[in-house]
Structure formats: structure tokens, C-alpha cells
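Worksheet: the structure to be examined is printed underneath.
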């Protein structure tokens, strides 16, 4: 649900009148952490590696040895006027969000959406630490509505937990980022307990962020598709489904009852299907999940799910009905994915035939509750 954008301006979007009286919190906007940007914040010897990458051709979210994204699909202009944009500083991001009618934006990385693909743990950890230093220093120095998600390097959960605790007291760090694609083992594995302990202790929500990638194992099997169309349809929801199901089967919501969880960039259509499916299986195989006292789907209702890329049925009443199936007015949160080419504009949420209160919740107040933010209502 992204309107056409041009290279010259974002002012064409109908945000100035439709959104002016609504607080909009965008839980997924992307900074551009190039190797040259974070190299000064990286420890040796890996700083030398980042400096060497300056000479390597850098594609769109694809830098060898840094963001290893395999994208063997042909590139074509889509005729819509959409563009790929990178945002390189906080001032530029703030202007963009103002033009879009967005009051608060939660910052996530660009290239490090593929962070889990890095196999050398000490290198991956060094990059995560450098990114966090860079994010705090370059992006979170002002009280301008930009908030950050600390990157927790899943390669070593103990180190990840230390990074969470290190930045949790920063006034503009409001979330924890974990990638969902190319992660092995899934996030239900007990090796990740230190991450959840730190998240629960610091009262920071964990955001699981998906991305399209090629991975030759279930649940992705992206190598079997010949088009980006198919890969993009499946990759984002499948990585979230697999990790959420893994967390449920090991009882993460029971072991960490105060843990707040959100899933981003997978849409919301998969949520009611998964809830109904797991409840059906639970009725037949309760012995596999003895730690639950009620339906596992009740724990999903306590989680949060971001809109982008929002489903686009011919009749928007169908989307409203889908939201009602999982009490989405209380758990759906808005995300634009700005500045990626397939971003969603917040004005589209206003078109969904839910209640006025529901629109306000989805666009802002649900996210305030998730992020533990106190903001004066407009």
C-alpha cells in the first residue's frame, strides 16, 4: 500500500490533513550503516576489514563480506516512479518522517538485516558493537523523535545480553533488534535465554525483523524459486512463523512472562492462521507442550505485529475482518519500512474500516505501550 513517490519530493502524500491530529509511531525505519560509516567505531583488527571494503562495489543492501545478500533476480524498472533511497543522517531522516506525517521513528539497520549470514562470530560481534556505538553517537543525540533498536548479535547470546544492558539506560534506545532470516537455531532454543533475560530485566521489547534472502533449508527454501515475486511472498512471513513457533514450543512466553515481543516486515495476514493452526495441534498434542495452562494462541495475542508490507485485498473490509480475528486493534503497530522502495505510507491505515479508536491504536498508541513511551497526545 505504498503510493507512488518521485525523486523530487515526498510532499505529494496526503499526510498534512488526514494525519495531523493523530500521533504516528513508525516502528521500522532504516538507517544506512555502510562499512565506511561504522569503521571508526569498530575495534581492531576488524576496522581494517571495513576500511578495505571501501574499495568493493556496494550494491543495494548487498556488500560481499558485510551484508551477504544473494539476489540472483534480474532488475527491471517497475514504472511506478518508486526509487531506492538511503538516509545517511538524523537530520535527513527527521525531515523525511515529517513529510510522511510520522512523529516517532524506531531505527533499524539496512545492511545488517543480513547480519545472521555472517559465519565468523567474532567478526559479526565486532560489527554489531560498532553499529551500536555508531547508532547512539550519530543518530540518537537529540530529542527529535528518533529512537533506536540496539542490535543484539545472536552469534553469542551472552555478548548480546551485555550489549542490551549496556545501552538500555540510554534515553533514546527503546528496543532490541534480532534478525529472523538465516538464523540457526531458531529463537526458541535455550541458548538465547540470556537475551530474553536481559530484555525482560531492562524492560526493552524484542523486535524480530525479517528480510528476503536465499537459504537452502526449511522454512525458507528460497533456492527453489526462480523469481523475486515468489521469494518475497514467502521469505518474510515464513521466517517469522518459524521463529515464533519455535519460541512457543519451548515455552519462551512462560519462562519469560514479562517479555515483550514484536514481529516486523512480515505483514499481518499470517497471524490468525497460525493462531488457529497451533490451537488445533495443541488439542491433539498437549503432551508436547505441558507448560501451557490454556491455548498457546493466547500468548500470541500478547505479542505485536507490524503492518508493513500490509496486505492489499480488493475489499478493505476483508483486512478489517482479518484484524478482528486476533484482536489486532490492540496488537497491530504501524511500520513504513522507510526509505526502502516498497515502503507503506501511514495514510493507508486511515482507509482500513476499523474504529476511529482502532486507527489511533494501530498508528500510535499500541506502539507507545509496547515501547514504554510516554508522549503527550495531540
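Computed quantities for the displayed model
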item: The range 120-148 versus the range 178-204: alpha-carbon centroid distance in Å; result: 18 Å
item: FRET efficiency for residue 99 and residue 121, using Cβ-Cβ distance with R0 set to 45 Å, rounded to 0.05; result: 0.65
item: Calculated FRET efficiency for the pair residue 142/residue 189, C-beta based, R₀ 35 Å, to 0.05; result: 0.35
item: Part-to-part distance (alpha-carbon centres) for the range 29-44 and the range 269-298, which is given in Å; result: 41 Å
item: Likely footprinting exposure, 352, 102, fewest C-beta neighbours within 10 Å first; result: 352, 102
item: Gaussian network model of the chain, springs between alpha carbon atoms under 10 Å - residue of 111, 229, 304 with greatest fluctuation; result: 229
item: Ranked 273, 46, criterion: other C-beta atoms within 10 Å, fewest first; result: 273, 46
item: Fewest-first ranking of 155, 345, using other Cβ atoms within 10 Å as the exposure measure; result: 155, 345
item: Net lengthening on full extension, residue 341/residue 312 (0.36 nm per residue, minus Cα-Cα); result: 8.8 nm
item: Sites residue 277 and residue 302, calculated FRET efficiency, Cβ-Cβ separation with R0 22 Å, nearest 0.05; result: 0.75
item: The chain: calculated mean residue ellipticity at 222 nm from DSSP helix runs of at least 4, using -39500 (n - 2.57); result: -10000 deg cm²/dmol
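Where a number appears in this text, it was derived from the coordinates with a stated rule and is not lab data. None of the values given here were measured: they were computed from a predicted structure. Glycine also receives a Cβ, built like all others from the backbone with ideal geometry; neighbour counts cover every protein chain displayed.
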